[in-house]
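Just so you know, all these numbers are worked out from the coordinates, no wet-lab data involved. Note that the structure is a prediction, hence the values are computed from the model and not measured. When we count neighbours, we look across all protein chains shown, and the Cβ atoms used for this are built from the backbone with ideal geometry, even at glycine.
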Amino acid sequence: MAGTRHSSAEKDGILRHAFEQLKARGVGSPWAASQNPWTEIEVECRVLIDNLDFTQVLDSYLRAHTGLRRSVTMLFTFIAMAANARWQDLPEESRGIAARGWFLGRWVPTFLIIDGPIGRFVCGEESPLKPWFGQHYPMLTSARDFLNDRLFRVVRNGFAHWAFDWEVVGSESYIVAYDWERDLPTAKMHQAECDAYHIVAFALVEVLESVFISRRSDPTEA
């Protein structure tokens, strides 16, 4: 979903499908219910970046946390490499494990950056976004709540602490997250649900990077 490979309309469709995969998990925020989830959160971000009070605090945060920009660049590098993997072209007996590697190559760095600098940027006590959450910015507020959701945090922690497993039951694949200290399972998700978590989280990183970090112009104004 990174970069310019998809139009805004295509990104809306990808996000809608991801949220649909998570509906049974109780993900039903205004962002999840939107018919244009990418477009609406991008618009909110662009409205907020025009607020001088916000941008002054944002600029101060970015100067104090220069690693945020670097971490996002490295995430995009990881994802680009994973996207180029052609597991479908391998011999049939090798495709299963290669496909798992393709998914994990996208999921692991995404969950790691959410556990680290992006999570702090959105949810931390020093977050420049913190004073603006609420009814005036429902998409951004929903994004914060998504990252703070208990199940998402449990799955994120499983990946961040390298405490997860891939289970195959019949023709279906599941991801199991573990508490690394107690060595006990904490969550089990279908592969499609875990991929949906990745898609939503990565979309959030992408829009935050575009509008708040790199300050790229609104493509609709070009």
- line: Most exposed to least, judged by fewest other Cβ atoms within 10 Å, HIS190, HIS136 sort to HIS136, HIS190
- line: Asserting the computed 222 nm helical MRE of the chain (DSSP H runs at least 4 long, -39500 (n - 2.57) per run, divided by residue count, to nearest 500) equals -19000 deg cm²/dmol
- line: Neighbours of LEU129 by Cβ distance under 13 Å: Lys/Arg at +1, Asp/Glu at -1, summed charge -2
field: R0 of 35 Å, Cβ-Cβ distance HIS17-ARG182: FRET efficiency to nearest 0.05
entry: 0.50
- prompt: Which whole-Hz couplings ³J(HN,Hα) result when phi for each residue of the range 53-61 is put into the Karplus expression 6.51 cos²θ - 1.76 cosθ + 1.60, θ = phi - 60°, listed in order with x for Gly and Pro?
  reply: 4, 6, 5, 5, 5, 4, 4, 5, 5
field: Distance between modelled label sites at ALA192 and ASP165, nm, 7 Å Cα→Cβ extension
entry: 2.4 nm
Label-point gap, in nm, between LYS130 and ARG216 - each point 7 angstrom along Cα→Cβ: 3.0 nm
Proxy reagent accessibility, fewest Cβ within 10 Å first, across PHE133, PHE202: PHE133, PHE202
statement: Restricting to lysines and to Cα separations under 19 Å from LYS188, and discarding same-chain partners fewer than 8 apart, the set is LYS23
query: Any idea how far the Cα center of the range 1-69 sits from the one of the range 165-222, in Å?
result: 14 Å
message: What is the angle, in °, between the Cα long axis of helix 92-115 and the longest principal axis of the Cα atoms in the chain? Nearest 10 is fine, range 0 to 90.
response: 30 degrees
- line: With a Förster distance of 22 angstrom and the Cβ-Cβ distance between ALA9 and LEU104, calculated FRET efficiency to the nearest 0.05 equals 0.15
